[in-house]
Each structure stands twice: as structure tokens, then as C-alpha cells.
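Working notes, beginning with the structure itself.
The values are calculated or read from the model by the stated rules, or taken from the named source; none is laboratory data. Here the structure is a predicted model, which is why all the values come from computation and not from measurement. Neighbour counts are summed over all protein chains in view; Cβ atoms, including those assigned to glycine, are modelled from backbone coordinates with ideal geometry. Heads up: the accessible areas ignore ligands, DNA and RNA and are worked out on the full protein's heavy atoms, side chains in. Shrake-Rupley method; radii C 1.70, N 1.55, O 1.52, S 1.80 Å.
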Amino acid sequence: MVFKVYSDGSGMTGGPAGIGFVAYVDGELLLKGNRAVARATNHQAELRAAVFALGSIPEGQDVELLSDSKYVVDGYNTYLPKWRERGWPDSGVGSVVNRALWKQLIVAAKRHRDVRFRWTKGHDGTEGNEHAHRLATQARRVPRASSGSTSS
């Protein structure tokens, strides 16, 4: 059984943001959730959405996480191993922006047997991506960041 998960963040430069995800198994929607975030850039919202999605799925799963954020997908697949190898550089060339969120993503991914990150084109009609986007946008419009939901 593989969870096919679409995550999305909807953020402005340091303003209100929203995160959302949908999770399918064998083409059937099993889980979805969204949450408002008081302040986040779009990159931060995208990272938080992936963390939220992985944390919402039952532990020990095989997960294919699809995101329209190349920042998240390339960061996880390509740059994260290099950052960890170099001791998380925090200044100069190659410094790691959003280091705390990347570390949260590592912890969330470790909850599962296997996690593969894959990029998907955004806003091209892919139902999972569109659904996650709608949930994130809806959450961004919530007046306070303490609200959120996860449902099955």
C-alpha cells in the first residue's frame, strides 16, 4: 500500500499562510487536512505543508509525496543530503535557509518506511494538486492561525 500525497502551501511574504494536503491510496481519497499559519513565506508554507502531510499519515507507510514546489522537492532530494554532510552551513555560500523547517521535514519523513518526493506541475488540472491548493488557500483566509483540521 502506497500513500500518494499532494501537499501545498499558500503564503505571502511574511504574511498569513495556509497549508493543505490530500492523501490517496489506490486512487481513493483517505485523508485531507488544512491549517492556517500566522506568518510564513511561500517557501515556508510549502515546507510546513509537507511536514503536516507526513505527520498526518499513519506511521510506517510507503509515501509518494507530490508537490508543485521545486524548492521542497529539489531541496529534499538534492540539497538536503549535502547540507547534512556539510553540517548545516548557516552563513556564506550554501547556507541553509529555513533550516528548522528542513529538520522538521526530516523528522516527519523518518516516521515512515519509505518517502519519495516528486515534483508535479501546479495548476494544470491534476485533481490531487488542485484539491491540496484549495485547502491551503482556504486555510490562508482563516483569520487566526490556531484553526486547522484533519479528517478522513
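At a glance:
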read-out: Residue 46 - accessible surface, heavy atoms, 1.4 Å probe, Å² rounded to 10; value: 10
read-out: Charged-residue dipole, Cβ positions (Lys, Arg, Asp, Glu), the chain about Cα centre, Debye nearest 20; value: 580
read-out: Residue-averaged [θ]222 nm for the chain, counting only DSSP H segments that reach four residues, each worth -39500 (n - 2.57); value: -10000 deg cm²/dmol
read-out: Residue-wise HN-Hα coupling along the stretch 120-134, computed from phi with Karplus coefficients 6.51, -1.76, 1.60 (Hz; x: Gly, Pro); value: 10, 5, x, 6, 10, x, 5, 4, x, 5, 5, 5, 4, 4, 4
read-out: Apportionment of accessible area to carbon and sulfur, the chain, percent (1.4 Å); value: 49
read-out: Share antiparallel - DSSP beta bridges, the chain, percent rounded to 5; value: 65
read-out: Charge context of residue 103, other residues only, Cβ under 13 angstrom, K/R +1, D/E -1; value: +3
read-out: Fluctuation leader among 28, 59, 130 - the chain, Gaussian network, Cα springs under 10 angstrom; value: 28
read-out: Local electrostatic count, residue 27, Cβ distance below 12 Å [Lys/Arg +1, Asp/Glu -1]; value: -2
read-out: In Hz, Karplus ³J(HN,Hα) per residue of the stretch 97-110 (6.51, -1.76, 1.60; θ = phi - 60°; x = Gly, Pro); value: 7, 6, 3, 4, 5, 4, 5, 5, 5, 4, 4, 5, 5, 5
